[in-house]
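The values are calculated or read from the model by the stated rules, or taken from the named source; none is laboratory data. Since the model is a prediction, treat every value here as computed from it, not as a measurement. Counting neighbours? That spans all protein chains shown, and the Cβs are built from the backbone with ideal geometry, glycine included. The protein model used for the area step is the full one, side chains on, heavy atoms only, and it has no ligands, DNA or RNA in it. Shrake-Rupley method; radii C 1.70, N 1.55, O 1.52, S 1.80 Å.
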Amino acid sequence: WSVSTGATGMFQQNRKVDGTQRVPFIPDFNNISAGLFGVTKVYVNQWTIDVGARYDYKYYSVAGYDYKNSLFQSTLQFNNVSATAGATVGIKQNGTLNLNISSAWRPPHVAELYSVGTHQSAAANEYGFLLNDSTNEVLDIDDVSFKTEQALKFVGTYQHRWSKFTLEMTPYVNYIYNYIYLRPTGISQNVRGTYAYFRYTQTDALFLGADISGVWRVHPFVKVTPKVSLLRASDARNDDYLVFIPSNWYEIAIRYDRPTLGTLKNFFIESKTRYVSRQNRTPRVVTVKEINDAMDEGSDPFENDDSNFDFMEAPSGYLLWSAAAGVSIKGEKTQYDFRIGAENILNTTYREYTNRFRYYADDLGSNFIISVKCIF
């Protein structure tokens, strides 16, 4: 048996840049985080049993200005315990099964609590959980229904090894109580134009998924690596779908490796193809035009339906092809790594569902990268 214990700590300070002539998107804050953990493993014949626990503490000291330019200050403290238990067992000669159940928690980030106004990098207006829905007044955390995220997760991993092929399958179930997410709420208009409008909110969420991967060694220098990622997520509290959940994707890569090729080292050529399917588990769509038209008519398009929505239909599935090659040249005291890569070689026009810029523009087209690294 073995035991591992440890402690972690972090201090973070955030200060606004003076002279911007606007209310900062998030307030000034100090963040102190600390944790203690212990894990023990017991080895019994072909079994490995592990049990662990962790205690975390987070402290925020926050000071900022609201939309009225009025000063607010607060201190927030969060603490909780996480735990995990699992077992790994060998099955016959070439199989391994690992089962794990764990509980975890996550305190909120300052942005999830206090965001106010335009998030410049996302071209959207965002408001934190502690801002009043009607007035955007900053509220005390004791005056709202906020609760920290709590999760219960079960993961199973099965791996089987043949002479030239290895297969690994990892199904999982993750139920998150008080799941914090950025929810589309409407639109806001100012002299700079119309912006999508989001608020942080909470619900209970269920995530079901599976990751499948394999490695097929077709030649001593050539391997084929297929991968699949499947995910289904839902708003369990309201029997609805969530926004910005990653789509299912399927990938296959072919790689040629030569540790030594004449005077060259670490030579490789790789081709990778990924297909990302359309996300079909999405909430209803209410477009900006529909919201604008309703506002012009003096009506509220969400008065009789408060379910989740999105501003645009989920984009179509797409196929991306990328390739890369590299080699290393070693000297007596230095090593140079040369790499060349090409992404989206076919220049596919696509939009990624989890990218909020999909509301405005396509994703990157063909992208070529050349790099040289010197290790000395």
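Among the residues of the stretch 338-376, those that are under 30 Å from residue 184 (Cα atoms), open to solvent by 50 Å² or more (accessible area, probe 1.4 Å) and either in a strand (DSSP E or B) or in contact (Cβ under 8 Å) with a residue 60 or more places away in the chain (or both) comprise 354, 357, 360. Regarding the stretch 157-172, can at least one residue be identified that is farther than 26 Å from residue 84 by Cα and open to solvent by less than 40 Å² (accessible area, probe 1.4 Å)? So far as the stretch 157-172 goes, no, none of its residues is farther than 26 Å from residue 84 by Cα and open to solvent by less than 40 Å² (accessible area, probe 1.4 Å). Under 30 Å from residue 210 (Cα atoms), of a type in the set (D, E, K, R), out of contact with any helix residue (DSSP H, G or I) (no Cβ under 9 Å at 6 or more places or on another chain) and open to solvent by less than 40 Å² (accessible area, probe 1.4 Å): is that true of residue 257 in this structure? No. The set of residues in the stretch 316-337 that are of a type in the set (D, E, K, R) and either under 13 Å from residue 372 (Cβ atoms) or assigned to a strand (DSSP E or B) (or both) comprises 330, 337. If you scan the stretch 182-201, which residues turn out to be open to solvent by 20 Å² or more (accessible area, probe 1.4 Å) and among the aromatic types (Phe, Trp, Tyr)? Result: 195, 197, 200.
Okay, residues lined up against (1) of a type in the set (Ser, Thr, Tyr); (2) over 30 Å from residue 250 (Cβ atoms); (3) free of Cβ contacts under 8 Å to residues at least 60 places away in the same chain:
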{"position": "115", "(1), (2), (3)": "yes, yes, no"}
{"position": "118", "(1), (2), (3)": "yes, yes, no"}
{"position": "134", "(1), (2), (3)": "yes, yes, yes"}
{"position": "148", "(1), (2), (3)": "yes, yes, no"}
{"position": "169", "(1), (2), (3)": "no, no, yes"}
{"position": "172", "(1), (2), (3)": "yes, no, yes"}
{"position": "181", "(1), (2), (3)": "yes, no, no"}
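Residue-level check: of (1) without any contact (Cβ under 8 Å) to a residue 60 or more places away in the chain; (2) under 23 Å from the mean Cα position of the chain (by Cα), residue 85 misses just (2). Restricting 308, 304, 238 to residues that are open to solvent by 70 Å² or more (accessible area, probe 1.4 Å), of a type in the set (S, T, N, Q) and within 20 Å of residue 174 (Cβ to Cβ) narrows the list to 238.
Tell me, which residue of the stretch 269-286 that is in a loop (DSSP other than H, G, I, E, B) and touching a Gly at 6+ places or on another chain (Cβ under 8 Å) is least open to solvent (accessible area, probe 1.4 Å)? Among residues in the stretch 269-286 that are in a loop (DSSP other than H, G, I, E, B) and touching a Gly at 6+ places or on another chain (Cβ under 8 Å), the one least open to solvent (accessible area, probe 1.4 Å) is 277. For the stretch 204-212, check the following and say yes or no: at least one residue is at pLDDT 95 or above, in contact with a helix residue (DSSP H, G or I) (Cβ under 7 Å, 6 or more places away or on another chain) and either open to solvent by 40 Å² or more (accessible area, probe 1.4 Å) or not aromatic (Phe, Trp, Tyr) (or both). There is no residue in the stretch 204-212 that is at pLDDT 95 or above, in contact with a helix residue (DSSP H, G or I) (Cβ under 7 Å, 6 or more places away or on another chain) and either open to solvent by 40 Å² or more (accessible area, probe 1.4 Å) or not aromatic (Phe, Trp, Tyr) (or both).
Given the conditions (1) under 28 Å from residue 204 (Cα atoms); (2) touching a Leu at 6+ places or on another chain (Cβ under 9 Å); (3) open to solvent by less than 40 Å² (accessible area, probe 1.4 Å), which single one is not true for residue 89? Here residue 89 meets the rest and fails (1).
Here's the yes/no breakdown for (1) closer than 26 Å to residue 25 by Cβ; (2) open to solvent by 50 Å² or more (accessible area, probe 1.4 Å):
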position: 65; (1), (2): yes, yes
position: 79; (1), (2): no, yes
position: 82; (1), (2): no, no
position: 85; (1), (2): no, no
position: 102; (1), (2): no, no
position: 116; (1), (2): yes, no
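For the stretch 37-63, taking the residues that are polar (S, T, N, Q) and surrounded by fewer than 14 Cβ atoms within 10 Å (Cβ to Cβ), the one that is nearest to the chain's Cα centre (by Cα) is identified as 46. Residue check: residue 70 meets all listed conditions (1) in contact with a strand residue (DSSP E or B) (Cβ under 7 Å, 6 or more places away or on another chain); (2) open to solvent by less than 70 Å² (accessible area, probe 1.4 Å) but one, namely (1).
Taking residue 291 and the conditions (1) open to solvent by 50 Å² or more (accessible area, probe 1.4 Å); (2) in contact (Cβ under 8 Å) with a residue 60 or more places away in the chain; (3) not polar (S, T, N, Q), which numbered condition does it fall short on, given that it satisfies the others? For residue 291, the exception is condition (1).
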